[in-house]
Amino acid sequence: MKTLNRRHFGVAVAAAILLLATNARADDMEVHIDNFTFQPAELTVKTGTTVTWTNRDDIPHTIVSAGKFRSKALDTDNTFSFTFTTAGDYKYFCSLHPHMTGLIKVE
Amino acid sequence: MSGHDHGDDGVSRRKVLECMTWAGTGVLWTITGGVPRSLGIVDSAMAADAPGMTFLQISDSHVGFDKPANPNALGTLEEAVNKINAMPAKPSFMIHTGDITHLSKAAEFDNAERIISQTKLDVHYVPGEHDFLDEEVKFYRDRYGRGTKGQGWYSFDAGGVHFIGLVNVVDLKAGGLGNLGAEQLEWLEDDLRGKSKSTPIVLFAHIPLWTVYPQWGWGTEDGARALEYVKGFGSVTVLNGHIHQVMQKVEGNVTFHTARSTAFPQPAPGAAPSPGPMKVEDARLRSMLGVASVNFKQGDQRLAIIDTPLQG
């Protein structure tokens, strides 16, 4: 096994911390469902971001983006996550209550 | 109509009138040849007294729902069934306009069946969106899909009336409302072909076929197409659920009616931030849940719908 000298180790740690920090920020995007509404309804994220939806209603909802992703029915407090690896606009809706629509813009 | 008196033989005129306060806790109306008649005939049109065919509509049982708006939806379904069993005149059959279960779980379907079967009535179901949540939509289809077309639509005749059960909870489009789809509409047109225009028609589906409140998705995108096909018939009745409250209107020969839920009430259109379950005081809950009974008298094409709350 190759050993790292002190300087290289320091650089590696710094890089890892930076990477973690970047990931933590990118991973942290959330959309809440309250009162049959996606909040925020429109969200702009960087490529590689994971978005997590949480249903806070007493009625199940789904998150569906045609041809891109489709959650199961989320009961109260259930979540669904999707990682956006490609830039673009992702329109989505609740297939049970189609008047509920949202948009994730991935840059 | 009082919830503590299941042995009540029928409903007195006074009680019905008491229930006709604005909340619509008990509503009776009737039409003759498409013309709405006064409520003064309430006595003679009561399902219990009237000859002719009576059937029941039950809706939105949401078995499995246990949130604050009603922690025991199975219990209130059972109360509804007890009320049905206590009716002095046995109805011919029952229709269920969907959302039998809350989350399409096998156990929820089983519990619903266990309670509803205690009526010993034939039940004609159409699905609500809550009944189609399992990945393969297997549980509903296995139980209720036999002999149906497409996603579960069908028709049958009873008492000289042609009944058509429609499915408008599948393949909903972003930003849209309920959806029947081209295949079902084609089937409907075909199903009605050759029927005498004097045949009374009953259309039933989960989501209202008429536009109640599009902001909350309360309507059916292509519902107008279905209504176009039944336009020439002398008596058309459209029965829906989904909105968990009584609403009705008459348009020409077509009468529209939505039934209460047996599980939880929902707010009047626009009266709350969302159409979610409405939490009311425990004492009021049963006045906002219930079933509907529908009576047809042959000959005069008179139809009467009586909405009975679990507790007046």
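The values are calculated or read from the model by the stated rules, or taken from the named source; none is laboratory data. Nothing here was measured: the structure is a model prediction, and the numbers come from that model. Positions of Cβ are generated from backbone atoms using ideal geometry, with glycine treated the same way; all protein chains shown enter the neighbour counts.
Consider B:PHE204 carefully, then state whether it is under 17 Å from the mean Cα position of the chain (by Cα), surrounded by fewer than 22 Cβ atoms within 10 Å (Cβ to Cβ) and not in a loop (DSSP other than H, G, I, E, B).
Here the answer is no, as B:PHE204 does not meet what is asked.
Within region B:107-134, work out how many residues are out of contact with any Phe, Trp or Tyr (no Cβ under 7 Å at 6 or more places or on another chain) and either assigned to a loop (DSSP other than H, G, I, E, B) or free of Cβ contacts under 8 Å to residues at least 12 places away in the same chain (or both).
Within region B:107-134, residues that are out of contact with any Phe, Trp or Tyr (no Cβ under 7 Å at 6 or more places or on another chain) and either assigned to a loop (DSSP other than H, G, I, E, B) or free of Cβ contacts under 8 Å to residues at least 12 places away in the same chain (or both) number 7.
Only one of (1) more than 14 Å from chain A (Cβ to nearest Cβ); (2) part of a loop (DSSP other than H, G, I, E, B); (3) touching a helix residue (DSSP H, G or I) at 6+ places or on another chain (Cβ under 6 Å); (4) free of Cβ contacts under 8 Å to residues at least 60 places away in the same chain fails for B:SER104. Which number is that?
Among (1) more than 14 Å from chain A (Cβ to nearest Cβ); (2) part of a loop (DSSP other than H, G, I, E, B); (3) touching a helix residue (DSSP H, G or I) at 6+ places or on another chain (Cβ under 6 Å); (4) free of Cβ contacts under 8 Å to residues at least 60 places away in the same chain, the lone unmet condition for B:SER104 is (1).
Identify the single condition in (1) in contact with an Asp or Glu (Cβ under 6 Å, 6 or more places away or on another chain); (2) within 24 Å of B:MET53 (Cα to Cα) that B:LEU180 does not satisfy, given that it satisfies every other one.
(2)
Within region B:246-283, which residues are away from chain A (no Cβ under 14 Å), closer than 25 Å to B:ASN111 by Cα and surrounded by 20 or more Cβ atoms within 10 Å (Cβ to Cβ)?
Within region B:246-283, B:THR258, B:ALA259, B:ARG260, B:THR262 qualify.
Within region A:48-78, which residues are among the β-branched types (Val, Ile, Thr) and either surrounded by fewer than 14 Cβ atoms within 10 Å (Cβ to Cβ) or at the interface with chain B (Cβ under 10 Å from one of its Cβ atoms) (or both)?
Listed by number, the residues that qualify are A:ILE59, A:THR62, A:VAL64, A:THR76.
May I ask you to say which residue of B:LYS67, B:LYS83, B:LYS90 is charged (D, E, K, R) and modelled with pLDDT of 95 or more?
Of the residues listed, the single one that is charged (D, E, K, R) and modelled with pLDDT of 95 or more is B:LYS67.
Inspect region A:58-81 for any residue being touching a helix residue (DSSP H, G or I) at 6+ places or on another chain (Cβ under 8 Å) and without any contact (Cβ under 8 Å) to a residue 40 or more places away in the chain and give the result as yes or no.
Yes, region A:58-81 has at least one match.
Could you count how many residues in region B:61-79 are part of a loop (DSSP other than H, G, I, E, B), more than 14 Å from chain A (Cβ to nearest Cβ) and under 16 Å from B:GLY98 (Cα atoms)?
So the answer is 1.
Please go through region A:79-107 and pick out each residue that is crowded, with 19+ Cβ neighbours inside 10 Å and either over 16 Å from the mean Cα position of the chain (by Cα) or within 10 Å of chain B (Cβ to nearest Cβ) (or both).
A:TYR92, A:PHE93, A:CYS94, A:SER95, A:LEU96, A:HIS97, A:PRO98, A:HIS99, A:MET100, A:GLY102, listed by residue number.
Go through region A:35-47 and give me each residue that's surrounded by fewer than 16 Cβ atoms within 10 Å (Cβ to Cβ) and facing chain B (nearest Cβ under 8 Å).
The one that is surrounded by fewer than 16 Cβ atoms within 10 Å (Cβ to Cβ) and facing chain B (nearest Cβ under 8 Å): A:ASN35.
For B:THR199, only one of the following conditions fails: (1) in a loop (DSSP other than H, G, I, E, B); (2) under 20 Å from A:SER95 (Cα atoms); (3) polar (S, T, N, Q). What is its number?
(2)
Checking the conditions here, which among B:TYR213, B:TYR125, B:TYR144 is within 14 Å of chain A (Cβ to nearest Cβ) and of a type in the set (Phe, Trp, Tyr)?
None of the other options fit; the residue is B:TYR213.
Of the residues that make up region B:173-188, is at least one under 16 Å from the mean Cα position of the chain (by Cα) and away from chain A (no Cβ under 14 Å)?
Within region B:173-188, not a single residue is under 16 Å from the mean Cα position of the chain (by Cα) and away from chain A (no Cβ under 14 Å).
Just a yes or no: is a residue in region B:245-261 at pLDDT 90 or above, closer than 30 Å to A:MET100 by Cα, part of a strand (DSSP E or B) and among the aromatic types (Phe, Trp, Tyr)?
Within region B:245-261, one or more residues are at pLDDT 90 or above, closer than 30 Å to A:MET100 by Cα, part of a strand (DSSP E or B) and among the aromatic types (Phe, Trp, Tyr).
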